[in-house]
Amino acid sequence: MRDAESPIRLSEYRPPDYLIDEIALVFSLEPQATIVAARSHVRRQADGVTPLVLDGKRLELQSVSIDGQPLTTEQYSVTPELLTIHAPPASFRLDVVTRINPAANTHLEGLYMSGGRFCTQCEAEGFRAITYSLDRPDVLARYAVRIEAAKEQYPTLLSNGNLVEHGGMENGRHFAVWVDPHPKPSYLFALVAGKFDAITDSFKTRSGREVLLGIHVDPGDAPRALYAMDALKRSMKWDEDVFGREYDLDLFNIVAVRDFNFGAMENKGLNIFNSSLILADADTATDADFEAIEAVVGHEYFHNWTGNRITCRDWFQLCLKEGLTVYREQEFSADQRSRATQRIKDVKRLRARQFAEDAGPLAHPVRPNQYQKIDNFYTATVYEKGGEVIRLLKRMIGADAFKRGMDLYFERRDGTASTVEDFIACFAETSGRDLSGFMRWYEQAGTPAVKARGVYDAEARTYHLTISQRVPATPGQPEKKPPPIALQIGLITQDGERLTTQLETESVAHEEHHVVLDQTQHTFRFSGVAKPPIPAIARGFSAPITIDDGLSVEERLAQMAHDPDPFTRWEAGQSIARAMMLGQTSTPAAALATALGRELDRAQEDSAFAALALRLPELSELILASDKPDPDRLYAAREALRREIATALRERLEPLARAKSETPFSASADAAGRRALKSAALDLLAALGAEQTDTFLAAYQNSTGMGETIAALEALGAAGSGEFQAALDEFYERWKANPLVIDKWFAVQAAAPREDAMARVEKLRSHPDFELRNPNRVRALAAAFAMRNPRAFHAADGSGYRFVARLAADIDAMNPALASRLLTPFESWRRFDSVRQGHAKAELERLAALPTLSKNAREMVERTLA
Ligand code: PHE
Ligand code: ZN
């Protein structure tokens, strides 16, 4: 059962023996037999003669020659995975011709077909499935790409950089030549060929360069790409305004494809997107879709500087581009929408995905130090925690030193393959600080658990707040050192007065104190404290930590009503709800209902915030917060509290839920906020059960946008309404021609917390529209089920585990990267009772015993079982 192969380790990094400066590729495209001719200018870096070892994947070599001389069989050895040239000269021209079969490529990595169109995905190690290559990010080359294909079927031919030539050929074929002047690693290579509709636009950079923008989509979909185009232009402007970064080519293309393993890919000048993150209009997209499109279009665009121009030395440095780009993306979204709600949403996501990961067998540092398959490390930790760490850095050194550090990084590291150390060195320099302790955030896994207790002395008017931290043990890391934790502390009174107090390290008194806890424990001494204080220790969620502040429900209610920080207000409500659901307080639910009623009173000012406040902690969060969670009991407790609150607020919620859709539709943050409030009202009313069916049906029938339709369907599902099925049938009939909408139809059912969840999911698995080969469809069923329906996934009879594990096994044969990701929800298996553990373990072991299991899935299974 053990994988004999040893892992790849950060400590074993060695610079490449050879470099490639230039590469010219010629693609003769045919679905079943594409010929790729690669001409590389290779230069030795190592001292002395050493073999040139090129990576391959499922490749068939046609010919290989050096400086025009075909190699004899003694001069090289070849397998589908490796081409070794035993003793090449110090500098030479290498010609390699390979043959590949894109139509048979179900891995969606390398060159493959989606909907009859050619496209590529090369990150992390997909380029080697196209040609034998030095497929590692520290080998940067200039690319020239000639694409030849049948003109009729493949009128659009795209690659990175600028189009320099195109024209006709014999036999109904045509060609295009693309040249990318910027040296890049192979993972940023891209090629697209097929029939597309395009929308075009242009952007004038601040130095006056005119950039032609194109978004290429399936024929007929062009109008649905307008929002993405708008988001692209806003991204380009924002990066100039906020980071001083300008775009660097005359052309920027985005292509949307239906079959894609991830969200999107930042290939230089030619981003390739999952169509779910490009296509949107009022009829077919929810507000969450619009938000995600804006965020991901921004994210991929921002990679042009953080990832492409400055890339990673090796894959251990993945967070160098991903964490930083997530941070930039979140800042962009905050500036485009509302900073307060953006922060809350980012924290929710971090907690739901990254905290869960950090607390289980898959925990790893933001910069992992070993891996079997790098594909398995595109994780919440690398991305989301990686983003938080940047935000934390900025808090610690201040906005000014941060800005100068970014500028220095862009200037100094431009055109290089860099490390986290290279990045941090820039900030150490601009801030004049020793940031060695900060590296713990990159090197240690586990979420620091912070505990805070205060002692107030009324006579002395002092307040002593003792804050300690502990980083839990994680796989391979039993012992931890304390990382520096930024705290943003504010004190208010029970009546909501903001206390101006002075820390012993401060020269004047403040309403808010920015401090860093860089030891295991420290006591912060405040003076001039006129009244008993209620401390908020991490306003704005100032660090990715868990907090035990020991506050009473009373105190939290005061925070909910009065703390100036929206995150703290939201968090206070969530904490009260969590304590009530977990049976940790005897305060009656009415107190929370009253407080939430007050949020409804001020919903006029910020409905998006009120909507977030009304959404009580998810079941998955309760599971994570319990020692030996019983999903059924927790579900019941959660519903009981929601029912009490819905009952108390019914008169206020019903009109919200029944409100007519606003017309015309606007995708603006304000309009989205009002819709979010309506959805939250529907969600809460669902706790009242089928008696509210009329409300949900009214919402369903009167809705004019997809977001409201889905919210109504979800409510019908969650309430156990008998009308759920009829609404689903009607929805299906209306939308069956639109795959992205049908994905939602699958997901709504898979996520519905109903008794019949398992039976539904089984039935959907054999629905004619279920496509094992399409990642969006697979995730709409399996990920929606395993992540959003924890009660069914963790069913005591093991049926949920069995379903997901067996589906993953079926998918593994064709798409290991997708299969492997489907297995992440198993990360929590050890938290449950022995019966559930037994079922989960049996499924995981069954997978491990499959001789054909992919390396991707095997690594996941073994780490999960370890
Ligand atoms: N680099 C992409 C992003 O985060 C994610 C990705 C990784 C896409 C691997 C495809 C394959 O922007
Ligand atoms: Zn990214």
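Quick look at the numbers
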read-out	value
Inter-residue pairs, beta-carbon under 6 Å, first near ligand 1 (Cβ under 10 Å from one of its atoms) and in the range 306-323, second open to solvent by 10 Å² or more (accessible area, probe 1.4 Å), 6+ apart	Glu322/Tyr383
Flag for Ser6 being exposed (fewer than 13 other Cβ atoms within 10 Å of the Cβ) and in a loop (DSSP other than H, G, I, E, B)	yes
Residue pairs meeting the criteria (Cβ under 9 Å; at least 6 apart or on separate chains; first away from ligand 1 (no atom under 12 Å from the Cβ), in the range 375-396; second modelled with pLDDT under 95 and open to solvent by less than 20 Å² (accessible area, probe 1.4 Å))	none
Strands (runs of 3 or more DSSP E) wholly inside the range 494-539 containing at least 3 residues that are out of contact with any Gly (no Cβ under 9 Å at 6 or more places or on another chain)	512-517, 521-527
Residue match in the range 309-321 (condition: within 16 Å of ligand 2 (Cβ to nearest atom), open to solvent by 10 Å² or more (accessible area, probe 1.4 Å) and more than 18 Å from the chain's Cα centre (by Cα))	yes
Top-ranked residue of the range 263-287 - restricted to ones that are in a loop (DSSP other than H, G, I, E, B), within 16 Å of ligand 1 (Cβ to nearest atom) and in contact with a strand residue (DSSP E or B) (Cβ under 7 Å, 6 or more places away or on another chain), ranked as most open to solvent (accessible area, probe 1.4 Å)	Gly263
Some residue of the range 746-753 being closer than 28 Å to Glu691 by Cα, within 28 Å of the chain's Cα centre (by Cα) and not in a helix (DSSP H, G or I)	yes
Filter result for Leu772 (open to solvent by 10 Å² or more (accessible area, probe 1.4 Å) and under 24 Å from the mean Cα position of the chain (by Cα))	yes
Number of positions in the range 357-376 that are crowded, with 23+ Cβ neighbours inside 10 Å, in a helix (DSSP H, G or I) and of a type in the set (A, V, I, L, M, F, W, C)	0
Those residues of the range 621-653 which are open to solvent by less than 50 Å² (accessible area, probe 1.4 Å) and more than 22 Å from Ser586 (Cβ to Cβ), in sequence order	Ile623, Pro631, Leu653
Close pairs from the range 193-205: first in a strand (DSSP E or B), partner open to solvent by less than 20 Å² (accessible area, probe 1.4 Å) and of a type in the set (Phe, Trp, Tyr), Cβ under 9 Å, at least 6 apart	Ala193/Phe27; Ala193/Phe118; Ala193/Tyr154; Gly194/Phe118; Gly194/Tyr154; Phe203/Tyr247; Phe203/Phe252
Residue among Arg674, Arg734 that is basic (Lys, Arg), modelled with pLDDT of 95 or more and farther than 30 Å from Gly115 by Cα	Arg674
Restricting the range 116-162 to residues that are among the basic types (Lys, Arg) and over 29 Å from the mean Cα position of the chain (by Cα), the residue that is nearest to ligand 1 (Cβ to nearest atom)	Arg142
Condition met for Leu350 (under 22 Å from Asp375 (Cα atoms), within 13 Å of ligand 2 (Cβ to nearest atom) and open to solvent by less than 20 Å² (accessible area, probe 1.4 Å))	no
Any hit, the range 566-573, residues being crowded, with 19+ Cβ neighbours inside 10 Å, of a type outside the set (Gly, Ala, Ser) and in contact with a strand residue (DSSP E or B) (Cβ under 7 Å, 6 or more places away or on another chain)	yes
Of all residues in the range 137-173 being in contact (Cβ under 8 Å) with a residue 24 or more places away in the chain and among the β-branched types (Val, Ile, Thr), the one that is farthest from Pro15 (Cα to Cα)	Thr156
In the range 256-308, the residues that are aromatic (Phe, Trp, Tyr), within 11 Å of ligand 2 (Cβ to nearest atom) and either over 20 Å from Ile742 (Cα atoms) or over 16 Å from the mean Cα position of the chain (by Cα) (or both)	Tyr301, Phe302
Test: residue in the range 526-533 that is at pLDDT 95 or above, within 32 Å of the chain's Cα centre (by Cα) and surrounded by 20 or more Cβ atoms within 10 Å (Cβ to Cβ)	no
Criterion (touching a residue at least 40 places away in the same chain (Cβ under 8 Å), in a loop (DSSP other than H, G, I, E, B) and touching a helix residue (DSSP H, G or I) at 6+ places or on another chain (Cβ under 6 Å)) met by exactly one of Ala667, Ala613	Ala667
Residue count for the range 437-472, restricted to those that are crowded, with 17+ Cβ neighbours inside 10 Å, part of a loop (DSSP other than H, G, I, E, B) and free of Cβ contacts under 8 Å to residues at least 60 places away in the same chain	1
Selection from the range 400-423 of residues that are part of a helix (DSSP H, G or I), among the hydrophobic types (A, V, I, L, M, F, W, C) and either buried (at least 19 other Cβ atoms within 10 Å of the Cβ) or more than 25 Å from the chain's Cα centre (by Cα) (or both)	Ala401, Phe402, Met406, Leu408, Val420, Phe423
Subset of the range 710-732 that is open to solvent by 10 Å² or more (accessible area, probe 1.4 Å), in a helix (DSSP H, G or I) and not small (Gly, Ala, Ser) - its residue that is nearest to Leu649 (Cα to Cα)	Glu714
Failed condition for Val297, given (1) of a type in the set (A, V, I, L, M); (2) more than 16 Å from ligand 1 (Cβ to nearest atom); (3) out of contact with any Lys or Arg (no Cβ under 8 Å at 6 or more places or on another chain)	(2)
Within the range 92-147, tally of residues that are within 26 Å of Gly415 (Cα to Cα), among the aliphatic types (A, V, I, L, M) and open to solvent by less than 30 Å² (accessible area, probe 1.4 Å)	8
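Yes/no per residue for (1) closer than 30 Å to Phe377 by Cβ; (2) within 16 Å of ligand 2 (Cβ to nearest atom):
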| site | (1), (2) |
| --- | --- |
| Cys122 | yes, yes |
| Ala129 | yes, no |
| Ala144 | no, no |
| Ile147 | no, no |
| Val164 | no, no |
| Pro181 | no, no |
| Asp201 | no, no |
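The values are calculated or read from the model by the stated rules, or taken from the named source; none is laboratory data. Predicted, not measured: the structure shown is a model, and the values here were computed from it. Glycine gets a Cβ as well: all are built from the backbone with ideal geometry, and neighbour counts include every protein chain shown. Accessible surface areas use protein heavy atoms only, side chains included; no ligands, DNA or RNA. Shrake-Rupley method; radii C 1.70, N 1.55, O 1.52, S 1.80 Å.
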